[in-house]
Each structure stands twice: as structure tokens, then as C-alpha cells.
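J.: Here it is: the structure, laid out below.
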Number of protein chains: 2
Amino acid sequence: MENIDPDKAYLLLESGPIVLVTTRHGEHANIMTMGFHMVMQHTPPLIGCIIGPWDYSYKALKETGECVIAIPTVDLARKVVEIGNCTGAETDKFAKFKLTPKKASKVGAPLIAECLANIECRVADTSLVGKYNLFILEAVAISIDRVRKERRLLHHNGDGTFTIDGRKLDLRDLMIQWKQFQVPL
Amino acid sequence: MENIDPDKAYLLLESGPIVLVTTRHGEHANIMTMGFHMVMQHTPPLIGCIIGPWDYSYKALKETGECVIAIPTVDLARKVVEIGNCTGAETDKFAKFKLTPKKASKVGAPLIAECLANIECRVADTSLVGKYNLFILEAVAISIDRVRKERRLLHHNGDGTFTIDGRKLDLRDLMIQWKQFQVPL
């Protein structure tokens, strides 16, 4: 895993992948699957996401103010769904799904070693948590696996079907606005 | 174009496509390209999105409280980028990009006839517009083109490259949570 600038979170998230979110509450680390998230601004790098009281991670996130957004690739598809099927109240999901927790650099929540990238986040704004379960997170560190071969992300279509990344279309030359964001991941 | 239930907005947006947003301010209709958006809840169907004062559409959206989120497919990729390159202050983008405005059913902003689907939206909450340019929209109507063949969405990687929808992975049988959202689009 190589550390990269947390300002690069948009390069991992703007395309809308399904993600995993880890939290740690006391000794207990948990993982949930999350589809409702967005990039909110580039600098500082803010991410909006919906995590509600129906999620076991909600309490941990509220109380610790920290989480990790881990980016799975297509080889982890079945685990992504199965992680969403069960609750951390009853299950040690790292053990059950044979995923490896790794110490993060800036937050208490663990990284997931098997994921393409891990974005360490701190809660920056809770003003709409009461009304919409909207947490606004700031990315504070990112690590990325430079050697894994499988890099295709999964996009949840909202109904249990997923779209797998297809081919890339490079329109950087055509895009004359926002040139400052055309940086390598 | 066939009308479908606005509660189905998540089936169009959760996978994170790049979208076009139309507004109408007086006689002037405009189009912008938008990458920062998320599904916030299923019912009522709320969508969060970032539209800032640097976007010509910002003023129209603030003053009218209405917009349309249009979903382009890969055949429109170059137009999606070029729409983002120029401003509605100087350009009639419907004319310039040969896109056809169509009357919406519930809002003043126009549909884009060439897109796969159009989600008519009303602004539901502006409490974080001042701080983050976050508009919370409610989908009030959706129309979808049932006959067009090209249905692959584009996902902006944040840097001028796009990922085109690849193959689908159907894990509906595996997903035992949220069964109520496994409905046809």
C-alpha cells in the first residue's frame, strides 16, 4: 500500500463505486457496504454519505467521528453483498469474510488490506445527520495498492445488480475546464 | 419517453453516472454537466448534488427551485464534456449542441430528448447551500426512453477520463436485505 495525497479522494469516488466502510468502537471493528455517497468538494476533500440508525456502524461513526472508506474491486463482489446482508451486532465481519484489518495512519478504524484503496476519514459536519443521516466526511489520508492487477470497480444499480467497470474513454484533451484536477491517481 | 414512478430515481443514479442538469430562468434554458451527486433516500426520493456559484445554473436553480437531471449515455460523451467547457451566460447550449428541449410534466426546466432518462426535480432543502453548495432535490417525475439501444452510462473518474459501463453482475438472489428495492426500472 502506498500513501497518496488525501486531496485525491475524488479520483477514487466520483465515478460512483460501491464501497465498504469500516469503523472501530472500542475493541470492535466493523464493516458495512455503502452505496449512497458523493464527492462534495475537492479541497479540503469532503465526502457526503448516508449512514443511518439501521446501520450498526452508525453509532460507532457518531461516537468516534472516524471511519475508513475502502474501495473493493469486482473480485470482492460477493463479499460486498454478503457484508451488507448481516449486522456487526452479531458478526465479526473481518473474521467471517476473511478480510484483513490493517492499522490506519490517522484514524482508529481499520483499513481493509484486500481493497484497491482505503480513504481514512474524519467526520467534518453532522448538521444534517438528524434529518437525513447525512455525514460529511473529510478525507485525511489515502493508501492505494499499486500492485494488485484487478482494478475494475463495481457500481451498484440499487437493486442487487452491479455494473462492472468497462473500458476507459480518455477525454482529457477535450476537457478545458478543471485542468488542475487532471492529475495521476 | 415513458413515465415511471419518481421513487425509482435510485435505479438511475446510485451507480454514479455523469449527468446533465437543465434549468430554465425566464425564457433562457441551460444545461450543465454534473459529477457530484448522490442518492440520499428512497422515499420520498431525495438526491443531493453540488452546484456552485461558478455554475451559471446556480442562480436559476436557486431562484426557480426546479431542475431536470438528464442521464446521458456513451454516445453523448463528447457533448457531455463540451457542455461542461462552456457557460450558459454566453451560449445557448441546446442550440450549440443540437439537443432537443422537451416540455417536462411538473417543472419548468426542459427534458433533453436525446438522453436515456430525465428526472424532474424540485429543491427540497437549501440549508447547506451557503456552506457547501449542497442542494437537496426531490424527484417528482421520471421519463425514460424505452426504445433507444445504447444504454451504457458514463462514469467520470474526476480527471477527464470516463469509465463506460461494462457487463452487469446479477447478485439479486444473494442480496437478502433491501429486497423491496429490487424492482424493474
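The values are calculated or read from the model by the stated rules, or taken from the named source; none is laboratory data. Everything numeric in this text was worked out from a predicted model, so none of it was measured. Backbone-built Cβ (ideal geometry, glycine too); neighbour counts: all protein chains shown. For the accessible areas, the whole protein counts, side chains as well, though only heavy atoms, and no ligand, DNA or RNA atoms are used. Shrake-Rupley method; radii C 1.70, N 1.55, O 1.52, S 1.80 Å.
J.: Taking residue B:168 in one copy and the same position in all the others, each labelled 7 Å out along Cα→Cβ, what are the pairwise distances from the first, in nm, shortest first?
T.: Going from nearest to farthest copy, the values are 2.7 nm.
J.: Then there is this: In nm, one decimal, shortest first: how far is the label point of residue A:59 (7 Å from Cα along Cα to beta carbon) from the matching points in the other copies?
T.: 5.1
J.: Hey, another quick one. When only DSSP loop residues count, what chymotrypsin sites (Phe, Trp or Tyr not before Pro) in segment A:44-122 have their Cβ near at most 12 other Cβ atoms within 10 Å?
T.: A:54
J.: Just to be sure I understand: if you take the accessible area of chain B alone plus chain A alone and subtract the pair, with a 1.4 Å probe, what total do you get in Å², rounded to 100?
T.: Adding both sides of the contact gives about 5300 Å².
J.: At residue A:149, label 7 Å along Cα→Cβ: distances to the other copies, nm, ascending?
T.: Those label-point separations list as 3.4 nm.
J.: Normalised by the number of residues in segment B:1-117, what is the relative contact order in percent for Cα pairs under 8 Å and 6+ residues apart?
T.: So the answer I get is 28 percent.
J.: Leaving out ligands, DNA and RNA, what percent of the accessible area of segment B:117-185 is carbon and sulfur, probe 1.4 Å?
T.: 53 percent
J.: For peptide A:76-88, what's the mean number of Cβ atoms from other chains within 10 Å of each residue's Cβ?
T.: Mean partner-chain Cβ count within 10 Å for A:76-88: 3.
J.: Please list, in order along segment A:91-99, the HN-Hα scalar couplings obtained from phi with the Karplus expression 6.51 cos²θ - 1.76 cosθ + 1.60 (θ = phi - 60°), rounded to whole Hz, x for Gly and Pro.
T.: So the Karplus estimates, Gly and Pro as x, are 10, 8, 6, 4, 5, 4, 9, 6, 10 Hz.
J.: Work out from phi, with θ = phi - 60° and the Karplus expression 6.51 cos²θ - 1.76 cosθ + 1.60, the ³J(HN,Hα) of each residue of segment A:130-142, listed in order in whole Hz, and give x for Gly and Pro.
T.: Using θ = phi - 60°, the values come out as x, 7, 10, 6, 8, 9, 9, 10, 10, 6, 10, 6, 9 Hz.
J.: Quick one: pull the percentage of alpha-carbon pairs in segment A:10-165 with a separation above 23 Å.
T.: So the pairs more than 23 Å apart make up 29 percent of the total in segment A:10-165.
J.: Another question, then. Under 10 Å, Cα contacts only: if you run a Gaussian network model on chain B, which one of B:40, B:32, B:175 comes out with the highest mean-square fluctuation?
T.: Sorting by GNM fluctuation, first place goes to B:175.
J.: Can I ask one more? For a quick check: with amide H placed at 1.01 Å from N, whose amide H comes under 5 Å from residue A:73's, ignoring anything fewer than 5 positions away on the same chain?
T.: Under 5 Å from the amide H of residue A:73 lie the amide H atoms of A:116, each far enough along the sequence or on another chain.
J.: Oh, and also: Residue A:98: which lysines have alpha carbons under 22 Å from its alpha carbon, excluding same-chain residues fewer than 8 sequence positions away?
T.: Output for residue A:98: A:79, A:149.
J.: If each of residue A:5 and residue A:131 carries a label point 7 Å out from its Cα toward its Cβ, how far apart are those two points in nm?
T.: 3.4 nm
J.: Of the listed pairs B:106/B:131; A:59/A:102; A:62/B:168, which have alpha-carbon separations greater than 32 Å here?
T.: Over 32 Å Cα-Cα: A:62/B:168.
J.: Right, next: Let me spell out the model: positive unit charges on the Cβ of Lys and Arg, negative unit charges on the Cβ of Asp and Glu, origin at the Cα centre of segment A:25-180. What dipole size does that give, in debye rounded to 20?
T.: Values: 21 positive and 18 negative charges, 88 e Å.
The dipole of segment A:25-180 has a size of about 420 debye.
J.: Using a 1.4 angstrom probe on protein heavy atoms only, which residues from segment A:121-165 are buried by at least 40 Å² of accessible area when all chains are present rather than their own chain alone?
T.: Buried by the other chains: A:125, A:128, A:132, A:156, A:157, A:158, A:159, A:160, A:161, A:162, A:163, A:164.
J.: Continuing with the same structure: Need one number: nm distance between label points at residue A:150 and residue A:43, each 7 Å from Cα along Cα→Cβ, rounded to one decimal.
T.: 3.6 nm
J.: Once the dipole of segment A:1-78 is set up with Lys and Arg at +1 and Asp and Glu at -1 on Cβ about the Cα centre, which of A:1, A:31, A:69 lies farthest towards its positive end?
T.: Looking along the dipole axis, the top candidate is A:31.
J.: In Å², and per residue, what accessible area does segment B:95-185 have when probed at 1.4 Å with the other protein chains present?
T.: Each residue of segment B:95-185 exposes 47 Å² on average to a 1.4 Å probe.
J.: Still on this structure, please answer the following. So if each residue of separation counts as 0.36 nm, and I subtract the Cα-Cα distance between residue B:96 and residue B:173, what length gain in nm does that give?
T.: 23.1 nm
J.: Please report the residue of chain B with the smallest beta-carbon distance to the B-to-A rotation axis, and give that distance in Å, no decimals.
T.: Chain B residue with minimal Cβ-axis distance: B:16, 1.
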